Amino acid sequence: MKKIIKSIPNLFLSVLLCFVLSSCSSTRVKMSDNSPWKTIQFEDMANALDVDFIDNNNGFLVGSNRLIMESNDGGETWEKRNLDLPSEENFRLLDIDFKGQEGWLIGQPSLVMHTLDSGKNWTRLSLGNKLPGQPFLITTVDDGVAELATTAGAIYETSDSGESWNAKVVDASGSGGVRDLRRTNNGDYVSVSSLGNFFSTLDKDSDAWIAHQRASSKRVQSIGFNPEGSLWMLSRGAEIRFNEDNNDLENWSKPIIPILNGYNYLDMGWDPNGDIWAGGGNGTLIVSKDQGKTWEKDPIASELPTNYIKIVFLDKDALDNKKGFVLGERGYILKWNS
């Protein structure tokens, strides 16, 4: 009798676990037979944080510990470059963006640089002491025009190549601070609060963030736009969700949990074929070819001792074909070969 009584709590937990898992969309993930990615490893163990290309051949990659590298062959090979910065200053170079020969580069703490000649020469700009937060995202909008977003949710615009900056957001507190922030080509923003407890949106014609509840009790890891402009969300517990109605940002799909290995997904991206890629810790890189219904593991990515922190597919007028990169830690990146 005692054994039966003792087994009841275990039985209850088993039933509860089955119930919880049944409410999620969880798939069995097999290893793909092939991979569209090529591994590139840098001698510098710094983490790559962003990449952009000026044209088919010329591009830059930036990262931690002042890392800046240039490619002149479409991203096949990379060479280290130096910025004219005091040696005692150490920066995390977070974001780089080009439109034609003009480009912008930002870093932390409080670094903004500007080039007019495809990165041959860079000018460091002063942000003053009143900038709320640290630079987080930079977008080259037009000749001499750029938008700068900060970790405090502030958005600033310059129309004179950085000589002056005008605030586009009246009250940045609606963003809750920023742990992740994305911008569409038409100027809409979405951000995750610094604690991951809600997300906010900012329309291009608005001057105020609108806060929204997260999809579940799990804190949000990152959020972004798919190619059609709809939102996706990555939450802790390796949960993937898609917004089902652009006009209803409280309406999300059930969580998709392809792999339960204790590592969160950190970023997502859509390749030129429309396939969805999700990357995260411990060499996790998975792909769905059916809009998230089923997933496969990438065989090349899974062999590397790294965490995949950013997925970038570049589609701009200056490029004949879309370029793709998965940025990892400890000197690893993957280049799209399809």
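The values are calculated or read from the model by the stated rules, or taken from the named source; none is laboratory data. Here the structure is a predicted model, which is why all the values come from computation and not from measurement. All Cβ positions, glycine included, derive from the backbone under ideal geometry; neighbour counts span all protein chains shown.
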Just to be sure before I move on: is Lys130 surrounded by fewer than 16 Cβ atoms within 10 Å (Cβ to Cβ), at pLDDT below 95, outside any strand (DSSP E or B) and basic (Lys, Arg) in the structure I sent? yes
Quick one: how many residues across region 207-248 are in a strand (DSSP E or B) and surrounded by fewer than 17 Cβ atoms within 10 Å (Cβ to Cβ)? 5
Report the residue count in region 150-182 for those that are touching a helix residue (DSSP H, G or I) at 6+ places or on another chain (Cβ under 9 Å) and either assigned to a strand (DSSP E or B) or charged (D, E, K, R) (or both). 3
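Yes/no matrix, rows are residues, columns are (1) over 30 Å from Gly74 (Cα atoms); (2) without any contact (Cβ under 8 Å) to a residue 24 or more places away in the chain:
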residue: Lys204; (1), (2): yes, yes
residue: Ser216; (1), (2): yes, no
residue: Ile259; (1), (2): yes, no
residue: Met268; (1), (2): no, no
Consider Asn321 carefully, then state whether it is modelled with pLDDT under 95 and closer than 24 Å to Arg182 by Cβ. yes
I'd like the full set of residues that are assigned to a strand (DSSP E or B), without any contact (Cβ under 8 Å) to a residue 40 or more places away in the chain and basic (Lys, Arg), limited to region 80-127. Lys80
Region 281-338, subset among the hydroxyl-bearing types (Ser, Thr, Tyr) and free of Cβ contacts under 8 Å to residues at least 60 places away in the same chain, residue surrounded by the fewest Cβ atoms within 10 Å (Cβ to Cβ): Ser288
Hits in region 139-150 (condition: surrounded by fewer than 20 Cβ atoms within 10 Å (Cβ to Cβ) and over 12 Å from Asn185 (Cβ atoms)): Asp142, Asp143, Gly144, Val145
Assess whether Gly63 counts as being crowded, with 20+ Cβ neighbours inside 10 Å and in contact (Cβ under 8 Å) with a residue 24 or more places away in the chain. yes
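Looking at region 249-267, which of its residues are under 23 Å from Ser200 (Cα atoms) and part of a loop (DSSP other than H, G, I, E, B)?
Once the filter is applied, which keeps residues that are under 23 Å from Ser200 (Cα atoms) and part of a loop (DSSP other than H, G, I, E, B), region 249-267 yields Leu249, Glu250, Asn251, Ser253, Lys254, Pro255, Asn264.
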